[in-house]
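Contents: one structure, followed by commentary.
The values are calculated or read from the model by the stated rules, or taken from the named source; none is laboratory data. Treat the numbers as computed from the prediction; the structure is a model and nothing was measured. Methodologically, a virtual Cβ is constructed for each residue, glycine included, from the backbone with ideal geometry; neighbour enumeration extends over all protein chains shown.
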Amino acid sequence: MKRIYMDNAATTRVTPPVLEAMMPCLTGVYGNPSGIHSFGREARRMLEAARAQVAAAVNARPEEIYFTSGGTEADNWAVRGAAYARGGKGGHVITTAVEHHAVLNACRQLEREGFRVTCVPVDGEGVVRLDELEKAIGPDTALISVMTANNEIGTIQPVEEIGRIARAHGVCFHTDAVQAIGAIPVDVQASGADLMSLSGHKFHAPKGIGALYIRSGVRLEPLMRGGAQERAQRPGTENLASAVGMGRAIELAATGIADRAEKVAALRDRLMRGILEIPECRVNGSLSRRLPGNLNVSVRYVEGESLLLNLDLQGVAASSGAACTSGSPELSHVLLAIGLPRELAQGALRLSLNEENTEEEVDCVIAAMRGIVRRLRSMSPLAPEELKCF
Ligand SMILES: *Cc1c(COP(=O)(O)O)cnc(C)c1O
């Protein structure tokens, strides 16, 4: 069976040029970048070259890029590190209802520690309500954390406006840009972000490497204690091979974004048109402010999990929302935040495409979906008769 991968928002494959860039660090270049001998120095050179590649891709300076173990650590560090550095007990953090769990649960931890957290609502398309965001800012606000683009429904947030609001009030601004790299232009000067999270495996680097951009002069409390790596802000011997992979991957991701986005969006739109021909299907999220590869649909009278399992039986990999909630019956906090009724949130399916998908695959998935929905509805006591044949 030919398999079709449409779960690129969960992770992507390591591509040949990325693996090729990494290979020396998995073989001959095994020195510790902190070593002062030639082995250490050549490892250090490669690490710093990777840092420069990451910095260039987001219009930052190399000394503002700190490698982490991934997006989750970068989010935790930004949210908690900023709160600890500024707020002290009783400090205030603003975020949104649609953030990744790495941000939301970091905020929950802060609440347990005595901080105050405001979760700003979003509109029906998942766009943060800027009026509410600005109203929430107080004299003790230590941080505003709003993602650049959502991982479930692909909604792109107005980060430049948020950056302006944050700056006007003198509040530190963090954005989780994990889903944005390679899909839309990301520029820390344009967005005004003081802190920005990145994750390698969302753009063809290996899993377990990420970075936090920290604008020069922004104070952040380290989360771990140890050696003086990463300018003494993030201890632990560096994951050199993965950092080098991430450097090469982000260089490729930042090249030709417009052309790639156009191609991917065309595939996604073809998929969307095909799926919307199934009666009682709807697209969740915004049609205009959306990542090119994201499609999130709700199919009435069908459970997302059943859809997912049946697609998998036919070799199609998709997701029923965030990967971390797959397999658990918990409804997506993102879909509930955009006001989706529970029964539609239950029938939600995320298909995330990238430049490696083809029209042939798209047509295959449309045909598979039609067959599966028809069969599942034919067994559903709730589905009206007229929806069972289409
Ligand atoms: C995947 C993802 C993360 C977590 O990144 P990891 O490297 O998997 O820890 C954080 N935020 C968003 C928006 C993501 O999509």
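Tell me, yes or no, whether the stretch 27-41 has at least one residue that is assigned by TED's automatic domain parsing to the domain that holds Ile214 and within 16 Å of the ligand (Cβ to nearest atom). Among the residues of the stretch 27-41, not one is assigned by TED's automatic domain parsing to the domain that holds Ile214 and within 16 Å of the ligand (Cβ to nearest atom), which makes the answer no. Only a single item in (1) part of a helix (DSSP H, G or I); (2) closer than 30 Å to Arg375 by Cα is not met by Ala243, and it is number (2).
Looking only at residues of the stretch 1-51 that are of a type in the set (D, E, K, R) and assigned to a loop (DSSP other than H, G, I, E, B), we find that the one that is modelled with the lowest pLDDT is Lys2. Determine, yes or no, whether Val79 is in a strand (DSSP E or B) and buried (at least 17 other Cβ atoms within 10 Å of the Cβ). Against the criterion (in a strand (DSSP E or B) and buried (at least 17 other Cβ atoms within 10 Å of the Cβ)), Val79 does not qualify.
The set of residues in the stretch 185-205 being more than 13 Å from the chain's Cα centre (by Cα), within 16 Å of the ligand (Cβ to nearest atom) and either under 18 Å from Leu353 (Cα atoms) or free of Cβ contacts under 8 Å to residues at least 12 places away in the same chain (or both) consists of His204, Ala205. Exactly one residue out of Gly114, Gly138 is more than 11 Å from the ligand (Cβ to nearest atom), more than 22 Å from Val14 (Cα to Cα), free of Cβ contacts under 8 Å to residues at least 40 places away in the same chain and in a loop (DSSP other than H, G, I, E, B), and it is Gly114. The numbered conditions (1) touching a residue at least 60 places away in the same chain (Cβ under 8 Å); (2) within 16 Å of the ligand (Cβ to nearest atom) are all true for Ala106 except (1).
Restricting attention to the stretch 208-224 and to residues that are more than 19 Å from Ala193 (Cα to Cα) and among the hydrophobic types (A, V, I, L, M, F, W, C), the residue that is surrounded by the most Cβ atoms within 10 Å (Cβ to Cβ) turns out to be Ile209.
Can you name the residue in the stretch 12-24 that is surrounded by fewer than 18 Cβ atoms within 10 Å (Cβ to Cβ) and not hydrophobic (A, V, I, L, M, F, W, C) and is also nearest to the ligand (Cβ to nearest atom) among such residues? Looking at the filtered set, the residue picked out is Arg13.
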